[in-house]
Ligand code: NAP
């Protein structure tokens, strides 16, 4: 039993039809409505489609594999012309399964506590493009009072996304680290913020405390989706207990993708 999760683009819908008929020919049952007993999730689209599929289905344990019909498709392992080879290798168990670590934010407000989970990153920004001021603690050690557009806390797989565009480093997916990356940090006589990203061991907690003025004007972005919560006292970021699994056919493809898609 295989779930096929496609976005609505013409190319994705065509690919989805071709894939479905090839899988049925090989004796698989396919589902467009998410089946929790499936053995595999095949996501058709780009990275955006993959992120939505994971979040919409609440970070399922069923492994994912992606077919790229999007514009970048860094997460997506296969391209449409490789479908036959993919089915052949899947049937012959010729693949490995990798886990993807997720980042979690616990947000403490005057009223209640919220938990949010992301694949790529959780970013903290000011509303209306205002400068935000945040006290940054690593395991309760005060590091800086940040001033700037915002801070990104990225997972290793998210390191090639928003993190990379803001000057962060590429982190190999199996490394157990989070990356704290400033967005347009201010470093002047008035404010002192680190201008570069910091790589934080995965067992430490990053705590961000909006200074009083920003308690009601702090935006939280979870894989790009905006959320505005009121009366925020602090935000604690760490690795989540949740993980997702994905199928890998070729470990070297990471480096091929990095070169091919970014250089
Ligand atoms: P989106 O349009 O869905 O994605 C923006 C671009 O980021 C797309 O080209 C997407 O690839 C690519 N992308 C997503 N995850 C990636 C990853 N792990 N590695 C490499 N590239 C990746 O934008 P959105 O809906 O606002 O947010 C989704 C993600 O986009 C966020 O999690 C954030 O990381 C990223 N983003 C980047 C910037 C920036 O670089 N300035 C700004 C905002 C958001 P596809 O074309 O294959 O979908």
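The values are calculated or read from the model by the stated rules, or taken from the named source; none is laboratory data. This structure is a prediction, so every number in the text was calculated from the model and none was measured. Cβ sites come from the backbone with ideal geometry, for glycine too, and all protein chains shown count toward neighbours.
A few comments on the model shown:
- Scanning segment 15-53 for residues that are free of Cβ contacts under 8 Å to residues at least 24 places away in the same chain and in a loop (DSSP other than H, G, I, E, B) yields 27, 33.
- Residues that are in a loop (DSSP other than H, G, I, E, B) and more than 15 Å from the ligand (Cβ to nearest atom), drawn from segment 140-164: 140
- So residue 28, is it in contact with a strand residue (DSSP E or B) (Cβ under 6 Å, 6 or more places away or on another chain), on the phi > 0 side of the Ramachandran plot and at pLDDT 95 or above: no
- Residues of segment 60-79 classified as surrounded by fewer than 16 Cβ atoms within 10 Å (Cβ to Cβ), more than 9 Å from the ligand (Cβ to nearest atom) and in contact (Cβ under 8 Å) with a residue 24 or more places away in the chain, total: 1
- Some residue of segment 235-248 being over 22 Å from residue 98 (Cβ atoms) and surrounded by 18 or more Cβ atoms within 10 Å (Cβ to Cβ): yes
- Residue that is modelled with the highest pLDDT [pool: residues in segment 114-131 that are outside any strand (DSSP E or B) and either farther than 15 Å from residue 181 by Cα or more than 9 Å from the ligand (Cβ to nearest atom) (or both)]: 119
- Residues located in segment 202-227, provided they are in contact with a strand residue (DSSP E or B) (Cβ under 6 Å, 6 or more places away or on another chain) and in a strand (DSSP E or B): 206, 207, 208, 209, 210, 218, 219, 220, 221, 222, 226, 227
- Considering each residue of segment 165-179 in turn, at least one proves to be touching a residue at least 60 places away in the same chain (Cβ under 8 Å), under 21 Å from the mean Cα position of the chain (by Cα) and away from the ligand (no atom under 16 Å from the Cβ).
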